[in-house]
Amino acid sequence: MELQVHLPVFEGPLDLLLHLIDKNKVDIYDIPIVVITDQYLAYVDEMKRQDLNVMSEFLVMAATLLSIKSKMLLPKAVKEDEEEEDPRAELVQQLLEYKMYKYIAYELKDKQVDADHVLFKLPTIPDEVKSYEEPVDVCELLSDISLNKLNDIFQAVLRREKGRIDPIRSKFGEIKKEEVSMDEKMVYVKDFARLHRMFSFRQLLEAQCTKTEIIVTFLCILEMIRFGQVTIVQEHIFDDIQIESQLAAA
C-alpha cells in the first residue's frame, strides 16, 4: 500500500518564497525584495484563520523580509577598503539549500512510487538440486601433471613465501626485555667506587654486559657526581676519564 502524506499548500515560509520567486520569474540571486515582501505579506494576511503555530513561522519570515527591505531602502555607507554586503545574501543561501532538499524529496518520492512496481520471488530450488555436487575425476584432473610440473609449483610456492619474510627482522630471533634496576646498579657502582679509589671510566663501562647496563651505569655516575660522591679528571682531550671516589671505604 502506498504511503499517504498530507501536506499544506506551502510547507513553510521558504516554500512560499520559492513559489513567489518562480511566479515572478526573477533571479534567485537578485531578489526584488520590495515586490516579494509585498506579495508575501498579502499572502500572510489571507492566512489569519490558520493555526497560530503555523502562522508564527510565516510571521517570523515576514519580519525578516521587512528587515531586509528596510536595509535596502536606507542609504549605504560605502567604504573603499570593504566590499558592500548584500542584506539578501543569507536569505538566498537558505533558499538554495531548501530548494536542493525539496528536489531531493521529489526524487525520493519518485523512487517510492517506482518501488511499487518491483516484484521479487523467493527461491524455490529443489533440495536435490542444491545438494548436487559435480563429480570430480582425480585421474583425469592429474592426467597432464608430471613430477617436473609439481616441482615447479612447489618452487613457486617457496619463492612466494620467501618474499613475505622480512630479511632483517627475521634474523632478530626472540627479543627479550632487559630488566636493569637503577637502585641495584647504584649499589654496585658505589661498592666498586669504595674498592677502587681511582678507576677508569672506560674500565667500569667495559665490565657491563649489555647496552642497557652501560646506560644505567652511566646514569649512576652522573648521579654520584651531582651529589659530590665522585669527581672526574681528564688530563688531555680524548684521554680516558679517571674517576676518583669520595666515598669512605667500607
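We did not get these values from a lab; they are worked out from the coordinates using the rules stated. Just so you know, these numbers come straight off a predicted model, no measurement behind them. Cβ atoms come from the backbone with ideal geometry, glycine included; neighbour counts cover every protein chain shown.
At a glance:
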read-out: Some residue of segment 105-116 being part of a loop (DSSP other than H, G, I, E, B) and over 30 Å from Pro13 (Cβ atoms); value: yes
read-out: Residue in segment 88-107 that is surrounded by 10 or more Cβ atoms within 10 Å (Cβ to Cβ), over 34 Å from the mean Cα position of the chain (by Cα) and on the phi < 0 side of the Ramachandran plot present; value: yes
read-out: Residue satisfying all of: in segment 198-228; polar (S, T, N, Q) and touching a helix residue (DSSP H, G or I) at 6+ places or on another chain (Cβ under 8 Å); farthest from Ile241 (Cα to Cα) among these; value: Gln208
